[in-house]
Structure formats: C-alpha cells, structure tokens
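Structure, as structure tokens:
The values are calculated or read from the model by the stated rules, or taken from the named source; none is laboratory data. Here the structure is a predicted model, which is why all the values come from computation and not from measurement. A quick note on method: Cβ atoms are made from the backbone with ideal geometry, for glycine too, and the neighbour counts reach across all protein chains shown. Please note that ligands, DNA and RNA were not included when accessible areas were found on the heavy atoms of the full protein model with its side chains. Shrake-Rupley method; radii C 1.70, N 1.55, O 1.52, S 1.80 Å.
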Number of protein chains: 4
Amino acid sequence: MKRVAVVGGRGFVGGELLRLLVHHPGVEVTAVTSDTQAGKAVESAHPPLRGSGLRYSRRADLEPADLVFLAGVHGSTAKILDETTALAPKIVDLTADFRIEDGALMERYYGWRREGEHARAFVRGLPELHRKQITDANRVAVPGCMATSAILSLAPLAARGLLQEVQIDARTGSSGSGASSGPANSHALRSGVLRVFAPFDHRHEAEVVEALGVGTSMTVTATPQVRGVQTVTKVAVGEVSERELLAMYREDYAAEPFVRLVNSPRGTYRYPDPKVLLGSNHCDVGIVADHRGRALVMGALDNLMKGAAGGAVQCMNLMLGLPETCGLTFPGLHPV
Amino acid sequence: MKRVAVVGGRGFVGGELLRLLVHHPGVEVTAVTSDTQAGKAVESAHPPLRGSGLRYSRRADLEPADLVFLAGVHGSTAKILDETTALAPKIVDLTADFRIEDGALMERYYGWRREGEHARAFVRGLPELHRKQITDANRVAVPGCMATSAILSLAPLAARGLLQEVQIDARTGSSGSGASSGPANSHALRSGVLRVFAPFDHRHEAEVVEALGVGTSMTVTATPQVRGVQTVTKVAVGEVSERELLAMYREDYAAEPFVRLVNSPRGTYRYPDPKVLLGSNHCDVGIVADHRGRALVMGALDNLMKGAAGGAVQCMNLMLGLPETCGLTFPGLHPV
Amino acid sequence: MKRVAVVGGRGFVGGELLRLLVHHPGVEVTAVTSDTQAGKAVESAHPPLRGSGLRYSRRADLEPADLVFLAGVHGSTAKILDETTALAPKIVDLTADFRIEDGALMERYYGWRREGEHARAFVRGLPELHRKQITDANRVAVPGCMATSAILSLAPLAARGLLQEVQIDARTGSSGSGASSGPANSHALRSGVLRVFAPFDHRHEAEVVEALGVGTSMTVTATPQVRGVQTVTKVAVGEVSERELLAMYREDYAAEPFVRLVNSPRGTYRYPDPKVLLGSNHCDVGIVADHRGRALVMGALDNLMKGAAGGAVQCMNLMLGLPETCGLTFPGLHPV
Amino acid sequence: MKRVAVVGGRGFVGGELLRLLVHHPGVEVTAVTSDTQAGKAVESAHPPLRGSGLRYSRRADLEPADLVFLAGVHGSTAKILDETTALAPKIVDLTADFRIEDGALMERYYGWRREGEHARAFVRGLPELHRKQITDANRVAVPGCMATSAILSLAPLAARGLLQEVQIDARTGSSGSGASSGPANSHALRSGVLRVFAPFDHRHEAEVVEALGVGTSMTVTATPQVRGVQTVTKVAVGEVSERELLAMYREDYAAEPFVRLVNSPRGTYRYPDPKVLLGSNHCDVGIVADHRGRALVMGALDNLMKGAAGGAVQCMNLMLGLPETCGLTFPGLHPV
C-alpha cells in the first residue's frame, strides 16, 4: 500500500479525490489537510466519506508520503512547492499554478510568470497524450476541466495538422466554482442560467493553445448543471470526410481506457453529453462533418472526475506503478 | 400618484417589490435605499428593472413619502422604526420584527422581546383575515411566506373550531434564503436537496400559533426550487365529510381575489402546487379527507409574491385607498 | 374590442398566447380550438387561465373573427389556410409552415415545397425588421425562437455587410419540444442535459439564412432549462472595434421597445441570458470583440414569449392598429 | 461465477440493475430481455453500459440461470412466475406483484388479490428485517422505494411498541415514474413541482402497514429531483427522550452495512437527505424529538439503488451465498 496525502481537502475537488482514494485498493490516505478545518471530521464536509474516520490536520503537521496531491486554491501550490517536495518524492497538482510551461502565455492569461525551472518540472497530466512522461514524472499538473475536454476531443485533428479556424464553445456546471464563490453562484441566481462569463480569453484557453499548438478562441458559458463540462468546437477540416475523421479518432483512442468515441446516427444518446458521465472517469468525444468543409467536434466529461480528481488518480496510478484504471471504473450514474 | 419608498432594496424581496411598484399605476417610487449599494443602478442587482433608471440612495437621505416599505434584514426594522415613522404616515414591514404580538411567544421563538406598545401597533398583513384593520392601519407587518400559506389554508377550519392535532409540513425554495447565505446555499450544494433544516420550532410556526390560536408542530424542508412555498398539513377533523369541508372553503374564499380552492379529481394539476404560481399573487388552497377522520390541507404560493412583496403591495393598496388587486393581476408563468 | 381566436390552444405556445390575450385590454378571445380537448376547460391544460371560464371548441365550429392565431402542430397551417382565410381577414401563424419564402431553401431544410403564391403571402413576423409590412399585412408568420434570437442579434451587422464566417451556437430549453414529445424529453432523461441534437442543418438555420442573406452554420444544444433560448455567434468583423460595434447596435435598437443591448463590464448580469427574461417579451442582444478580428454576438429571449406567443401578440397589435407594446410589458420574473 | 438474468431490462430499474451486475465480481449476466428491444444493444438505452456488449433478447429465449430478476412493469410477474420458476431456482422480483402477503390488504390497495400460496412464497426483500429468511429463500420481493425508507426509519420504534399516530410524508423524484409516463412527467411539466399526487392511500402505504403492523397515513409528493426518496414521519413517542431514541437506533443499526443514523447538531448535512446518496445503497435514517411527546423520523435513499436495484442485489448476494455488500460499496456521488 502506497501512502498518499491530500493538501487542501475542503473543496469539491478535494472531496472527490478523497472519495476515490479511500476506496482505492492500492493506496492509503495518511493525511488530509485544511488549515481552516483542522480537527474536524472530513465527513462533515463530504458526506460520501461518512464512516471513513478521516479528520483534517494542519498542513504544517504533514508527514512524509509516497505522493502528495495539492488541491488547494489556485496560487497556493507555487507557495508550498518546496516544502512539499521535501516530504514526498511525487506530487500531483490540481491547481492551475503549473499547467502552463510557456512564460509568455502564462503572463498573458494569468498576469504573472513563474520561474522557468519550476514550470518545466511539471508534466501535463493527460495520460492519453503523455503516458510515458507521467509514468516517469515526479511532478504532474492536472489540466483544467474544459481544457481536458477540448484537448482530448481535438488531439486527433491536431496530430494530423487538421486544426484550422478553431472556435471552442465551452459549457460548465456550477461545481467548478466551488461552494464559497459568492452571490452570483447562489442557488437562486445560478439556477437555470446560460451565463456567458468569459466571451474570450478564459485561462483554460491557454492550455489548449499550448497543448495543441494552435491558436483558438474559446467562449465559456455557465450552464445549469452542478457537474459536467462540454466543449463544442467548430473547425475547418477541408476535404476530409466524416468517415475518415471517425477512423482517425478510432485509431487514436481504440486502446484508451477512458476516451470513447460517441457518434450514433439516432437515439437519445447520439453525441457526448456530460449528463451520462456523472461519476465516470470517461471523456466522451464525437465528431460530425457538415459537408461544407467544417466539422463539429464534441467533448464531454465530469469536471470533478476526468476533469480533476479522476484525472489526478489516473496519473497517480501511473506514477506509482499501479494499473492505470485502478479505482476509476465506475461507469457513471444515469439518470440523475 | 402616491409616493412610496423602499428601504432595503438589495435583496430578492426588495427586487420583487420594486418590479411590482414600478409597473403599478397608482404609485411612484421616490427612493430605494441600500447603504452598501448607494449610487448604483438598481438594475445592476435586479435585471427586471432594466430601463427603470432607479438608483440606490442612502437611508439617511430618505425624504418624506406617503408610505415606506421596510425590506431590510430581519432585526433592522426595530432599529429604524422611529425615524421612518417621522418620514411617512404609513409603513409596511417585510421583516420578521413585528410579526408576533405576544411577547412570550416572541421570546420563545426569537429569543428576544419587543416593547409591547410597538408590537401592538402592527396589524398582521393578511387582507383575507384582517382587511378592515389593514385599510385603517398605519403599520402593517407582512407575515412569513410559510406562515401565510399555512394560515390561509387552515383559517376556514380554525374559524369553525375544527383544528385538532395539526401537523404542518412546510417546503421552501432557495429564494427565501437570499443571495448571500453562504456555502450551504450555493448552487452545487443546494440543488436537488430535500434538506430538513427545521424539524421543529421554525419561527414561522409562532405566527401560525398566534394567528390561528392553536398549537401546532411545523417541520420545514428546503426543496430544490428557487421560488415557491407549499404547506401540507394533516389535521383531525372528525366526522366532517370532504364535501362539507370544501363547502366551508368555498364559503370563506369565494369572494377573495387571491385565494383559490384547487381540488380536481383528476388531471395534472389536482392540488395546490407553487410550480403554477410563479409571479402570481395567489395562494392556492386545497383539502382532502381520508375517511378516517383526518384531512390533508394544502397551501401553495410564490414566496416572493403572496408570501412577501405581493402581499405587501396588496396591503399597500388597501392602506392607500387603491383597488386591492391593482398591479397584482399577473396570473403566473407556466411552464417554467 | 377586437375579436380574436386561437386554433390549436393545447400546447405550450397556445397556453402562453391565451394568457397574454385574456389579459390584453384591446382584444377579446372568442374561441380556442383543440379537436382532442373540445368541451374541456382551458384551465385544465393551462393553470394560469384558472378563472378565465374558457372552454375548448372544435375547429369546425369556429366563427368569424378579426384575427386568428394558428398555433397547431407544424404542418397543420398549410392544411387549413383556405378555410381560416374565409373566417378572418387576418392570420398570425405560429407554425413553421410559412416561415420560409424561398422554395429551394424550404425544400432543402424541410423536405417539401409550398406553392409559391401562398409563401409570398406571409410576412416574417419580426417588427424590428418589417414593422411597416406587418402593419399592412393580412398574413404574418412568426419566426422560430432560435431564429428570432439569431436574426435580431445579427441584423445590425448584416445591415452593414459585416457578417463573415458566421458560426451560430443555439441553446434551447425543454418547453420548445412540447409536453408530449416522448421519453427523451421525460424529466428524468431531459434534466441536466447538454444534448447536441442538431449538429448542423437545424430548420431554424434556414430562416436565418433567408432573413440575413448570409450563409451560416448553426449548432443546436438542448440545455436544462424549461424556458429560454440563447444564441452565441462567432463572426469575423475585421477591423471594427467593439466601441464601433456597440454604436451600431445602439443606433439600430435605441427606439425598439423589445430589444435591449446588454453589455456590462462587470457584475452578475453582463451579457444576454434567458434566465432574466422569463415572461418578458424582450430579446436581449450583446456583442464583444476579441481584438483579433472576431466578435461574439449574443442573443437571449423567452422562447414562449418573444420567440413565439409574445412575438405573435406584438404582430397582432400592429395588424389591428393597437399600441405595439400593449399587453406585453411584463418585465420578466427573477430569480426563478 | 453465478449466472443471473434480467427480465425487463428496458426501464430505469433494469438499467441500474445491469450497471450493478456487470461490475459485480460474483455474477455473470447471461441474458437481458425486453420484447420490444430484442436485438438492440443495451447501451442504446443505458449509457453506463457502453462497452458491455450486452444485447436484449426475447423472454421466450431465456435459458436456465441461477437467479432471475424480474424487473418488468407492475403486473407482469404474476403472469410469468411459473415459467420463470422452471428456468431458475431463485427469483428476485422488483415489481409490486408480490410485495403484500395479506389478501385483504392487497385487495384494498391494489384492487385485486393473488392466490394465497404464491403470495406466501415471497419473502420481503429487506435484509435488515429478514436477513435469515432471504438467505434461505427462493423468492424475494423487493419492497417499494418509499416503503423501504419508511419501514427502515420506523422499524426500531415498531420493535419497541412506540409507533403511535404515525403520519408519513413521502417525497419522490421523477425516476420512479419511468421514462414513458406521459406529459405530466415531461421535463417542462415535471420540473420544479411540489405535486401532491397521492394525498392518501398510496400503494406503498400497504407495505408499511403490513411490515410494521401499524396503521398509518402516508401522503406522497412528487418533488423536483430525478433520483431520491425521502420519508418524513411524525409519530407520538410519549415520554421517551431523544437520547433514548437515538440509542435504540444505534442498537438496531450499528452492525448494518447499509443503514446509517444521521443526526448532527449542526452543519449542512444534519439529517437524511437523498441528495448525498446518489448511487449509494445506503438508507440514512434520523430521529429528533420535540419535547412535546412527538418525534420526527426521517429516512432517505436513492430510489433506484436501495429502493430497487441495489436492494435487489443485496438480496441476491444473500441468496447466492456471496458477501452481502459485494458490488454495492459505491459511497454516493456528491455534489451532483
């Protein structure tokens, strides 16, 4: 049994991560920190952990572990990276701090720049693109939820030089904002919205740009679900037929345990929809051509799973030499 | 045109009140105060007021008016009652401060007691029970939303001495909690709940006890809607038949503009449901007998309308000599 | 009082229309037909009509009126147009039958073609673009809900030849599908979806193409609300600045009673969102430039109001010589 | 590996059951029948089964198995019981056909009566009350979802003769009605309801009466969630203190794997709420005393899990000699 700890276990991502780790057969959770909740039962914040007996401790009391997850607020990882490195040989970061390697890109989207050496030390936590590097890495940064959907759904086109005029429309549920995000995220004001909160220049766009090596324009709308992210992308693909496009996706993803091509000519479940992925670690992808040189590329995932905690555990499995799908086989709950 | 002002126009009740008043043909809104928002456009908080041109002012700058609505947080009215009285001959209070007349009852449910003279100065703002007094009153306290549903649905039985073993089950949407009510009310945590947050002794119970003169036990559950309150009450009615019960309700409410008896033997809309009352000032009531000496009494309303702002405008109409239904005839939006 | 009748008053659009007409000061509803519901109270299908006393009659029993609304299923208008014309000098059609004038376009999107003379006899029911023609018309066809949002939000650009590379992303709530639309639209399966049900070639696209005279690609996603439509369009505008774009919209829409430019630099309500338009006849539009030659154009409306019944009443007002906003001033209910 | 088959695998309960069985380490699904879907992929109806390769077959083609689940519509089990018995030594029934043993009770609530011998042959599928009998049984009838919540939450009181004046308020989400249940259950009409659809005499009441041996009155309200059932019961308990009541529950349920006592003095998650049980096989129970001789007893569960498919698998585990919790340890997804 490997020993793992979670720093910042109070938020939704932390709760999801703990749910996965507590039921994971290959690891033992040695500590969960939250400076504001220290001493309290973890189940008081996360009901799925009822009966786990876990209690929050202070970060200062953290002891050595085989791997530490950093799931605090954005900006916190950069501050505690050195201390954490001293305690654990391997780190999986769930904040945005080290998702971007390119300093100029980071500065443009985030308004600040990290020291280059640290940035380069983190591998992007997408096993589908970087399995080998993650397996060997000591530091992995899990990408943003919308970036994960966009990147995985577009990677087969990028790999073949087919990404032209990329327009990403991203939609996100409320759990991406956390529980303490103010009046605009209150139930009364957030229910039923189609709130375009980032017409351009959302930070996840930077990750897509860097990962795919292509310019893009991403618009983000807050939609009424709690969980779930979807990206719907229009792209110019020229003369390539839908059949050929589907073949590319099958070729790239046939062996992937967590990416499925969803493209049914009829029925209720024709294209990727996060509705059917609740609790699942899958990213469903789909592509349709319009016979006029354009394709619609869709990606969907559970933002707390494949878009955060599930993706993090998938990386952990690789980093600790465990089977990649270990603890991640829940197929999704439907209907909810 | 009568001149009216709203003190505390930042919350949901204030917004609803302003929506009604701005479109009301008999009054003019002379001021809306919010000390934290002073100077800002009211429409920045309440989109239905787009184009109204209203701006928040400070309470200290309030000028004389014919009637002032007090829609601040609970506890605020007691503090500013004297000053407000100096500015306006008539006051409609939407806080809980003066809903209870009986000092002991107030102390038991609220933990504090008001000076007796002030308490007696407020008439309970339920025109269906106190139309004459409201018409003549200078001070009216609008009852709580769940209390309004419970009182109106049970009053015909109370008037006939038929209220025995009263068990009230109240359900309430999230808009009753305001936009700034913390993580438990965030969209992610409040969506889909059936959260029993007051198993016993909710404050609105005190109003029911005082208004109907009967002991009761009220349980409150937070349900997943934004708007809407429903009370479902079981009561022992003995030998009285459903037919007789219905006749009592018809007798009492036939002439009421905002209370409807809803009791259909079949169809989708058989009993009172707040779902069909969004934006309406109606309180729908219904009663069914179980042939074993018990009846189920249902009440439903839009908590921001008949349960707060709509009820307040109805009282204002009476107090200012305007037609009672003026500005309140919107029939409800359905489906939403 | 003008006499109006509604053919096909069983569905959601019919219910909304009746709610508006019953409270409209300038008209009297002389008949509501539904062959399957004949004899039943209209309020059994539409609770907001409680107390109206209206009953469904058969279409065969329809008597002459000043204006008839045709709100049956798509395809029904073409069948009864001649008979209806014999009964009423003016017709407002809410089905899709006569929305498209161009026969080839109709055939491509609908698979059938109408006789040309009939098609040319209908004016597109968008007062913002065709006020004069509607005022003089005997036959008006109300556009589709998503088409209305797209057309109104893009018209200022079209008028200035600035529509290039138009990619429309349309989102629609469940009330657009009617109450009897099968398992995929059941509450359990429709809740929380982001269901891309028309990746390309949705029929409303044909209306946009014809109205704006520009090719476009529209994708439609079913989103989790009951009411509400939003279109989010990316368009290449070249060198034009956001300031100039906003000025164009202000110029075109400043005098329009039901189109508002919504574009706030901060706050919860920055761009058009149907969430704040429930029950309102407004179409909110907004535009943002990305400094890279593209703009994001947003439109939002209540699909049963401005997108159907409200738009129809607006046209009726013009056709009958009534004030255009008569019966349509409800500002929207918020929050719901 | 035991061989199990599912008869009637098209509905929500069938889908949930298949999800559990496909991932269950001790059984193999040999057939899923649906006469209307024969030949189609099961994943076309149930997306969580993507990749399972299962196809629907006809019931007539069913081959022998160790255990058969009957998950068809209510009334179907009685018709096929003999044939099914010939194919499998053990049957778990998820319909309502054999939930009631008492013929008179069955007749009163269902309007029909079964032959006595068959009724007596089924054991009530509640391991918490009948573990030994289920382990030895060949036929088990899984109770209704609301009945399960009511019975489990009240059993400790019933066992001690403390059930007096029992008033059950039951709330249920839309998945209990199936996907093909007509317009009233369409998304537009079912969203946001508080629809009292059974003021008295709901069929699940009969199960509570028989299981607890006490008269009761149960009211059922359709609430806006997709999944989840809650029962909130008021009961006269006389002089017993809350402390003593809690001790009774702890005593009875301490060793139960799927019943938890939830009763926190503070926090967001104080009492049983189905919101936190999505996908879990737990039934959470809670009890609060009001110091006036009454207690409020709450039960909550996921109606497709502990209230149907999960409960059925728990019974199967006992009947086939497998560990009782096998395949049922998912702790619930939260927030959703």
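Summary of computed values
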read-out: Number of the exception - D:Ser180 against (1) at positive phi; (2) within 14 Å of another protein chain (Cβ to nearest Cβ); value: (1)
read-out: Whichever residue in region B:42-62 is without any contact (Cβ under 8 Å) to a residue 24 or more places away in the chain and within 14 Å of another protein chain (Cβ to nearest Cβ) and, among such residues, is farthest from C:Asp302 (Cα to Cα); value: B:Gly53
read-out: Flag for C:Gly192 being within 14 Å of chain D (Cβ to nearest Cβ), under 17 Å from the mean Cα position of the chain (by Cα) and within 30 Å of A:Ser264 (Cβ to Cβ); value: no
read-out: Scan of region B:47-62 for residues that are closer than 24 Å to B:Met1 by Cα and within 23 Å of the chain's Cα centre (by Cα), ordered by number; value: B:Pro48, B:Leu49
read-out: Of residues in region B:197-206 being in contact with a helix residue (DSSP H, G or I) (Cβ under 8 Å, 6 or more places away or on another chain) and not small (Gly, Ala, Ser), the one surrounded by the fewest Cβ atoms within 10 Å (Cβ to Cβ); value: B:Asp201
read-out: Subset tally (residues that are open to solvent by 10 Å² or more (accessible area, probe 1.4 Å), away from chain B (no Cβ under 14 Å) and farther than 30 Å from D:Val193 by Cβ) for region D:244-265; value: 12
read-out: Qualifying positions in region D:10-48 - surrounded by fewer than 24 Cβ atoms within 10 Å (Cβ to Cβ), part of a loop (DSSP other than H, G, I, E, B) and not small (Gly, Ala, Ser); value: D:His23, D:His24, D:Pro25, D:Asp35, D:Thr36, D:Gln37, D:Lys40
read-out: Leading residue by the ranking (farthest from the chain's Cα centre (by Cα)) among those in region B:84-95 that are buried (at least 20 other Cβ atoms within 10 Å of the Cβ) and of a type outside the set (Val, Ile, Thr); value: B:Ala88
read-out: Qualifying residue in region A:180-196 (condition: closer than 24 Å to A:Ala141 by Cβ, modelled with pLDDT of 95 or more and crowded, with 24+ Cβ neighbours inside 10 Å); value: no
read-out: Residues satisfying the stated conditions in region B:195-219, i.e. basic (Lys, Arg) and within 14 Å of chain A (Cβ to nearest Cβ); value: B:Arg195
read-out: Filter result for D:Gly279 (touching a helix residue (DSSP H, G or I) at 6+ places or on another chain (Cβ under 8 Å) and within 23 Å of D:Ala141 (Cβ to Cβ)); value: no
read-out: Residues within region D:63-83 that are in contact (Cβ under 8 Å) with a residue 24 or more places away in the chain, surrounded by fewer than 20 Cβ atoms within 10 Å (Cβ to Cβ) and either assigned to a loop (DSSP other than H, G, I, E, B) or more than 21 Å from the chain's Cα centre (by Cα) (or both), tallied; value: 5
read-out: Filter pass, D:Ala60 being hydrophobic (A, V, I, L, M, F, W, C), under 23 Å from D:Gly321 (Cα atoms) and not in a strand (DSSP E or B); value: no
read-out: Only listed residue being in contact with a Lys or Arg (Cβ under 6 Å, 6 or more places away or on another chain), at negative phi, aliphatic (A, V, I, L, M) and more than 11 Å from chain D (Cβ to nearest Cβ), chosen from A:Met319, A:Met298; value: A:Met319
read-out: Count - residues of region C:316-330 that are outside any helix (DSSP H, G or I) and either open to solvent by 10 Å² or more (accessible area, probe 1.4 Å) or modelled with pLDDT under 95 (or both); value: 10
read-out: Some residue of region C:220-243 being within 28 Å of C:Glu324 (Cα to Cα), surrounded by fewer than 21 Cβ atoms within 10 Å (Cβ to Cβ), out of contact with any Asp or Glu (no Cβ under 7 Å at 6 or more places or on another chain) and more than 10 Å from every other protein chain (Cβ to nearest Cβ); value: no
read-out: Which listed residue, of C:Val232, C:Val214, C:Val240, C:Val209, is in a strand (DSSP E or B) and out of contact with any helix residue (DSSP H, G or I) (no Cβ under 6 Å at 6 or more places or on another chain); value: C:Val232
read-out: In region B:49-62, the residues that are open to solvent by 20 Å² or more (accessible area, probe 1.4 Å) and out of contact with any Leu (no Cβ under 8 Å at 6 or more places or on another chain); value: B:Arg50, B:Gly51, B:Gly53, B:Arg55, B:Ser57, B:Arg58, B:Arg59, B:Ala60, B:Asp61
read-out: Number of the exception - A:Val313 against (1) of a type in the set (A, V, I, L, M, F, W, C); (2) buried (at least 24 other Cβ atoms within 10 Å of the Cβ); (3) within 14 Å of chain D (Cβ to nearest Cβ); (4) in contact with a Gly (Cβ under 8 Å, 6 or more places away or on another chain); value: (3)
read-out: Helices (runs of 4 or more DSSP H) enclosed by region B:96-179 - at least 3 residues per element that are under 24 Å from B:Asp66 (Cα atoms) and open to solvent by less than 40 Å² (accessible area, probe 1.4 Å); value: B:127-136
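Yes/no per residue for (1) more than 18 Å from D:Leu21 (Cα to Cα); (2) of a type outside the set (Lys, Arg); (3) part of a loop (DSSP other than H, G, I, E, B); (4) open to solvent by less than 10 Å² (accessible area, probe 1.4 Å):
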{"residue": "D:Gly267", "(1), (2), (3), (4)": "yes, yes, yes, no"}
{"residue": "D:Tyr271", "(1), (2), (3), (4)": "yes, yes, yes, no"}
{"residue": "D:Val276", "(1), (2), (3), (4)": "yes, yes, no, yes"}
{"residue": "D:Ser280", "(1), (2), (3), (4)": "no, yes, yes, yes"}
{"residue": "D:Asp284", "(1), (2), (3), (4)": "yes, yes, no, yes"}
{"residue": "D:His291", "(1), (2), (3), (4)": "yes, yes, yes, no"}
{"residue": "D:Ala295", "(1), (2), (3), (4)": "yes, yes, no, yes"}
{"residue": "D:Lys306", "(1), (2), (3), (4)": "no, no, no, yes"}
